[in-house]
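To start, the structure under review is shown below, and the notes come after it.
No value in this document is a laboratory result; all are computed from the given coordinates. Only a predicted model underlies this, so the values are computations on that prediction, with no experimental measurement involved. Cβ atoms come from the backbone with ideal geometry, glycine included; neighbour counts cover every protein chain shown.
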Protein chains: 2
Amino acid sequence: MSERVQNRELKAKIMSADEAAQFVNHGATVGMSGFTGAAYPKALPTAIANRAKQEHDAGREYGIRLLTGASTAPDCDGVLAEADALSFRMPYQSDPVMRGKINDGQLNYQDVHLSHSGLQVEQGFFGAIDVAIVEVTRITEEGHLIPSSGVGNNVEYLEAAKQIILEVNEWQSLNLEGMADIYRVPYLPNRTPIPIINVGDRVGTTYIEIDTTKVVAVVETDAPDRNSPFKPFDEVSEQIAGNYLDFLEGEVAAGRLAYDHYIMQSGVGNVPNAVMAGLLDSKFENIQAYTEVVQDGMLDLIDAGKMAVASATSFALSPEYAEKMNREAEKYRKYLVLRPLQISNSPEVIRRMGLISSNGMIEADIYGNINSTHVAGTRVMNGIGGSGDFTRNAFASTFISPSAAKGGAISAIVPFASHIDHTEHDAMVVITEYGYADLRGLAPKQRVPKMIAIAHPDYRPLLEEYFDRALNNADSFQHTPHDLTTAFDFHNRLNAAGTMQK
Amino acid sequence: MSERVQNRELKAKIMSADEAAQFVNHGATVGMSGFTGAAYPKALPTAIANRAKQEHDAGREYGIRLLTGASTAPDCDGVLAEADALSFRMPYQSDPVMRGKINDGQLNYQDVHLSHSGLQVEQGFFGAIDVAIVEVTRITEEGHLIPSSGVGNNVEYLEAAKQIILEVNEWQSLNLEGMADIYRVPYLPNRTPIPIINVGDRVGTTYIEIDTTKVVAVVETDAPDRNSPFKPFDEVSEQIAGNYLDFLEGEVAAGRLAYDHYIMQSGVGNVPNAVMAGLLDSKFENIQAYTEVVQDGMLDLIDAGKMAVASATSFALSPEYAEKMNREAEKYRKYLVLRPLQISNSPEVIRRMGLISSNGMIEADIYGNINSTHVAGTRVMNGIGGSGDFTRNAFASTFISPSAAKGGAISAIVPFASHIDHTEHDAMVVITEYGYADLRGLAPKQRVPKMIAIAHPDYRPLLEEYFDRALNNADSFQHTPHDLTTAFDFHNRLNAAGTMQK
């Protein structure tokens, strides 16, 4: 098995995860690989969690500050949260146990734009990085690292860390080699243009070069990435996907989009996968993705000959598709480029590409402010992720969501968003199963009827009622009319009675 | 005087403003030069306003859709608003008469990120551009336009418009020639990297090339740019400036900034000018500005040998400094570059520069969400301008404001921002006369004591009281605790009693 560690110096550092965990001390700031259930270290998190339990049982403090690419999986964020092994987390998470600890106030979490996270590490906003823990597919003779199923902030963590622990995961296909394109923007003050002109351009190396003298441990693993399976599409997802395709057709009709030049960015989830399924039967050809993660639907589009290339930082594949990728990596690597997060989510490259972004949301308000993160303003779900990077720099930005959740108790369209992650200056098109609200070129009040038209019918009268009250409120000016005394009534009803309905 | 129109074909099109206004018909979408009181057309707005009055008096409809670079002046936005000559306005304004019409609900206004505005015109989000009306310093023999005191979206409007009206303003110094650097990002799908590596790089032409056959009128003018004079610095402005400099010194101490490598972006106003005055006596040398507008304080820094170069899209000079610029343009053009707004505010270039942004605000909430635009959530003041372009892409972003306004009736720190233009993911440092709150690397709750510490002392107990209530609210989760039933009490008190105080 240690054939995957070809560098002699590093081969000598092979040890067990428990031994390696001894390098991860209380108070350490740890930069870890891992992005949406892919490429996270499979052994160290459990070993660190065990160490934390031992330390706590012995009455000693133990907590580390954990920085990653984005979310990971139950055997990473989950076990660490369960063991109370963390004192701080950034830039994104989606684990139920961890989310619970954050919402209980037990764990400090900073929710950071993903394109900022590596930069902020480099700039020292999180202090020194003590240890980097990074999963790789193999280590070459020269000591170069071949990334596994994601890149994320690995380059930044490996550069910044005082010590490095590598996990070499036998489960990852050796045929992933060649998929990664590792390009490093020079440090300030010497930054230069990112030379990517086309989605599939390769401008870097297929490996990460490191200072091998910083490596203190190499741990061998053989464990799968763990993303959640997607649910089968329901009717609502398919209606939303249909409306999204109508919007795309509208762009073609307006002369802004050609059937053979659609560049997509897509958030993760069932609705985006329904959109991709819809694209299979559409007139769009030669589809490209400049996006954050490779999803099941993209592999289907590749298989169908509809997608020419996808650039991302990581996979977010269901278990079935992750296995498929492992079997057919040699084929897929012709179509896929995995980039560092600073590049996959780069405002510079995103704006250059002229892509159409599509991200989920928790709620939007009648003026087009978007809440991506907090239910009823206080309960954080996952985080903003890369949605801000893409929304702000897209040719056109869309947000998609079912119009209601929890059996109708929660409306996705509200009078005033209870947390704002994307402002009225950013969201261009909002899509539900009832249609799409095209807010481009409109003043705030002009957007309101369009937003109400895509709300769930049960909530339209309540939204009309609010807007009327705002328009007639003597305290309110008329550019963005509001009645601040009742702006959060939807959320207050939800808190008090379990439903936003009256 | 028509020596400034050297192209024979265009010389033949010289006419009066009233004659030229006949090309601007009801319903037209007009792209106009003008940015922060500089470079706006001086004659056509009044002529259009007069035409509107005549049409209205004759019982006919008349309204145009006006797009510019940013705000203009009383003899542009002011006269047009006064005459009800507009039906739509974008992307920014600051005129009191216009603001009144917008807040009365008489005028639709879309407040757009300035770096998006030209792109969105190019992408057709505002429909066809019927007429471009652009002020220039002179027209060359070849028919090239020499920009006057600002560039803004002129390139986009001149390209997109069906017809062009040029104003040649004798008041503008001929020595402005050479200051502009006109670089055009190719249209999609052929966009390429913007080749600017250093603040002062010149990568384009000193003139704008146009299709001269589209020019329907040339109007000669001789009238000054009109920016408001700045007020003398008061004690609060000087304290804020002092705190800003303390923050900069902290960055130097942290090893993130060198005394000879500070690149600034600065919003407009008295506090920014106080900051620049403070820089005169600081240890910072070789200061550079990659910013939106050239301000008085920058000329002082140049004169003092402290500023090496400033890149902007326009001037925002007081009348005194505008005259000084006109007299000494030959000297200043060695230090100044005027770029198209798409370049001055480009996320790509801003992120590359690693600048520190500094913008004003109306209010910030305890978690670091920023309201830049709406008093008490409904009364729009000016607009977001370029603050989002710079904040999102800066090395470090700061927001500066006195802690209170209107004699203490309004607190700049509130429980929940009543309009959010920059999210908790974006604002890094908030500065008042009481210090600076460094929010970097902090979870929401960790930011609260820092924000309360820079609030006006009169409001600190009320903010503590709110945060306690949020922490103890059984309905609230503890990542971002809130009590939505009282989140807007500060604003509701202001509406009801004229003060946020209890």
D (µm²/s, integer) via Stokes-Einstein for the protein assembly as shown, Kirkwood Rh across alpha-carbon pairs, 4 °C, 1.567 mPa s: value 44
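Roughly how crowded by other chains is peptide B:247-258, in terms of the mean Cβ count from those chains within 10 Å of each of its Cβ atoms?
Details: counts 0, 0, 0, 0, 2, 0, 0, 4, 1, 4, 1, 1.
Average neighbour count from other chains, rounded to a whole number: 1.
Net charge within 13 Å of B:ALA455 by Cβ-Cβ distance, Lys/Arg positive one each and Asp/Glu negative one each, not counting B:ALA455 itself?
That works out to -3.
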Using a cut-off of under 15 Å, list every residue of the range A:114-129 whose amide N is near the label point 7 Å from the Cα of A:LYS214 along the Cα-to-beta-carbon line. A:118-129
When you count, for each residue, the other Cβ atoms within 10 Å and take the mean per peptide, how do B:485-493, A:75-83 rank with the highest first? A:75-83, B:485-493
Once both labels are modelled 7 Å past Cα along the beta-carbon direction, what's the A:ARG256-A:GLU3 spacing in nm? 5.4
Assume the label is 7 Å from Cα along Cα to beta carbon: what separations in nm does A:ALA58 have to the matching positions in the other copies? 9.3
Going through the range B:2-93, which trypsin sites (Lys or Arg not before Pro) have at most 15 other Cβ atoms within 10 Å and a DSSP loop state? B:ARG60
In terms of the charge dipole of the range A:8-221, which places +1 on Lys and Arg and -1 on Asp and Glu at the beta carbon, the residue among A:VAL24, A:GLY37, A:ALA160 farthest towards the positive end is A:ALA160
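When the dipole is taken about the Cα centre of the range A:249-388, and only Lys, Arg (+1) and Asp, Glu (-1) are charged at their Cβ, what size is it in debye, to the nearest 20? Mind showing how you got there, number by number?
Working: 12 positive and 16 negative charges, 81 e Å.
It comes to approximately 380 debye.
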Ranked output for segments B:298-304, B:393-399, B:192-198, A:106-112 by mean other Cβ atoms within 10 Å, highest leading, reads B:393-399, A:106-112, B:298-304, B:192-198
Taking the Cα-to-Cβ direction at A:LYS334 and at B:ASN198 and moving 7 Å from each Cα, how far apart do the two end points lie in nm? 4.6
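Using a Förster radius of 30 Å, what is the FRET efficiency between A:GLU170 and A:ARG60 based on their Cβ-Cβ separation? Nearest 0.05, please. Intermediate results must be reported in sequence, preceding the final value.
Working: r = 34 Å, r/R0 = 1.15.
Taking R0 as 30 Å, the efficiency between A:GLU170 and A:ARG60 is 0.30.
About the Cα centre of the range B:325-446, what is the dipole size in debye to 20, counting +1 per Lys and Arg Cβ and -1 per Asp and Glu Cβ, all else neutral? Numbers along the way, then the final one.
Values: 12 positive and 11 negative charges, 90 e Å.
The dipole magnitude comes to about 420 debye.
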Antiparallel %, DSSP beta bridges [both residues in the protein assembly as shown], to 5: 25
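For chain B, what does the relative contact order come out to in percent, with C-alpha contacts under 8 Å and a separation of six or more? Kindly include the intermediate steps, with their values, before the conclusion.
Values: 1192 pairs, mean separation 69.3, N = 502.
Worked out over chain B, it gives 14 percent.
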Using a 7 Å offset from Cα along the direction of the beta-carbon, what are the separations from A:ALA254 to the same position in each other copy, nm, ascending? 4.1
To the nearest 20 debye, what charge dipole does the range A:8-221 have about its Cα centre, counting +1 at the Cβ of each Lys and Arg and -1 at the Cβ of each Asp and Glu? 260
Would any residue of the range A:464-502 have its amide N under 12 Å from a label point 7 Å out along Cα→Cβ of B:ALA496? List them or say none. A:485-486
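From other protein chains only, count the Cβ atoms within 10 Å of every residue's Cβ in A:378-385, then give the mean. Present the calculation step by step, with values, prior to reporting the outcome.
Working: counts 13, 6, 5, 1, 0, 1, 3, 0.
So the per-residue partner count for this stretch is 4.
Across the range B:249-497, how many lysine pairs, 8 or more positions apart or on different chains, have C-alpha atoms separated by under 16 Å? Please give the number.
Values: B:LYS283/B:LYS306; B:LYS306/B:LYS331; B:LYS306/B:LYS334; B:LYS324/B:LYS334.
For the range B:249-497, the number of qualifying lysine pairs is 4.
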Per-residue average of other protein chain Cβ atoms inside 10 Å, peptide A:323-334 -> 0
Two pseudo-spin positions, 7 Å from Cα along C-beta at B:SER228 and at A:LEU280, lie apart in nanometres by 6.0
Given charges at Cβ of Lys, Arg, Asp, Glu: the range B:249-497 dipole, positive-most of B:SER314, B:ALA474, B:SER418: B:SER314
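Have a look at the DSSP beta bridges in the range B:8-221 and tell me what percent are antiparallel, nearest 5.
Here the antiparallel bridges make up roughly 20 percent for the range B:8-221.
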Helix A:444-453 axis, angle to chain A major axis (alpha carbon atoms, nearest 10°): 90
Where in the range A:217-241 does the label zone of A:ASN50 land, with the point 7 angstrom along Cα→C-beta and an amide N cut-off under 18 Å? A:217-224
How many angstrom lie between the Cα centre of the range B:444-482 and the Cα centre of the range B:379-442? 17
Cα centroids of the range B:100-177 and the range B:205-247: how far apart, whole angstrom? 14
Rounded to 0.05, the calculated FRET efficiency for the beta carbons of B:GLN22 and A:GLN446 at R₀ = 35 Å is 0.75
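Is it possible to state the helix-based mean residue ellipticity at 222 nm for the protein assembly as shown, with each DSSP H run of 4+ residues giving -39500 (n - 2.57), the sum divided by total residues, to the nearest 500 deg cm²/dmol? What is it?
Details: 34 runs with 304 residues, N = 1004.
Helix contribution divided over all residues of the protein assembly as shown: -8500 deg cm²/dmol.
Kindly rank A:434-445, B:165-176 from highest to lowest mean number of other beta carbons found within 10 Å of each residue. List each step's numbers first, then the result.
Numbers: A:434-445: 20.6, B:165-176: 22.8.
Those peptides, ordered most packed to least, come out B:165-176, A:434-445.
What number comes out for the charge environment of A:GLN446, summing +1 per Lys or Arg and -1 per Asp or Glu over other residues with Cβ under 13 Å away?
On the way: positive: A:ARG440, A:LYS445, A:ARG447, A:LYS450, B:ARG65, B:ARG89; negative: A:GLU424, A:ASP438, B:ASP111.
Charge balance near A:GLN446 sits at +3.
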State, as an integer percentage, the relative contact order of the range A:249-497 based on alpha-carbon contacts under 8 Å between residues 6 or more apart. 14
